[in-house]
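Just below is one structure, and these are the notes that go with it.
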Amino acid sequence: MAASLTSALPAWAASADASLPDKVRAANDRFRNVETAIKEGYSPIPCTSGIEGGAMGVHYVNPTLIGDETIDIAKPEAVMYEPGADGKMRLVAVEYITTKGPANLGGQLFSFTNSPNRYGLPAFYELHVWAWKPNPKGAFADMNPNVSCEHAHEMAN
């Protein structure tokens, strides 16, 4: 059986007029403050850049959520930030991850990543949602040409 968003949604999420990125933004806006992600059990992994330019940013990943196999719009498995020159982390997107699939969220199909992969995970399905920073490649593309890891080195200092 496919993993999907099947639980009852709050009124804001069930609105026929709201797009999936709008629903994701409303459900996860609390993560604008990276400290909220940390308090909820997320930890950073290095900034991810694309070989053709652009980036995903720094993923704050919650391993408990990855392991639970549940897709919940308000509990993404990863929260993505772009490091700024000022040292601040700016929320740009979230990522939903499951090993059960094919998976979808609000009718949007997840992408499949086979194993072995660079993350050391078993084969999985993932969906990026660029809800805070527009992506010219689309709201569900992996890389965003308007995101950079240029200032990620400041995190290590």
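Brief remarks follow.
- Estimated [θ] at 222 nm from DSSP helical runs (n ≥ 4, -39500 (n - 2.57)) normalised by residues in the chain, nearest 500: -4000 deg cm²/dmol
- When the Cα positions of TYR96, GLN108, PRO63 are compared along the charge dipole of the chain, GLN108 comes out farthest toward the positive end, with charges on each C-beta of Lys, Arg, Asp and Glu.
- What the Kirkwood sum gives for the chain is a hydrodynamic radius of 15.8 Å, with every pair of different alpha carbons counted.
- Taking 20 Å as the limit for the C-alpha separation, the pairs LYS100/LYS137; LYS39/LYS75; LYS75/LYS137; LYS23/LYS133; LYS75/LYS100; LYS39/LYS88 exceed it in the case of LYS100/LYS137; LYS75/LYS137.
- Based on protein heavy atoms only, region 23-157 ends up with 49 Å² per residue of surface accessible to a 1.4 Å probe.
- Accessible surface of the chain, 1.4 Å probe: 54 percent of it comes from carbon and sulfur atoms.
- Separation of the THR113 and GLU150 label points, Cα + 7 Å toward Cβ, nm: 2.6 nm
- When both region 98-140 and region 21-36 are represented by their alpha-carbon centers, they are found 18 Å apart.
- Taking the C-alpha atoms of region 74-148, convex hull volume expressed per residue in Å³: 110 Å³
- The GLU69 and THR36 beta-carbon pair, evaluated with R₀ = 35 Å, returns a calculated FRET efficiency of approximately 0.90.
The values are calculated or read from the model by the stated rules, or taken from the named source; none is laboratory data. All figures in this text were calculated on a predicted structure; none of them were measured in a lab. Note: ideal-geometry Cβ built from the backbone for every residue, glycine included; neighbour counts use all protein chains shown. All accessible areas refer to the heavy atoms of the entire protein, side chains included, with ligands and DNA or RNA removed. Shrake-Rupley method; radii C 1.70, N 1.55, O 1.52, S 1.80 Å.
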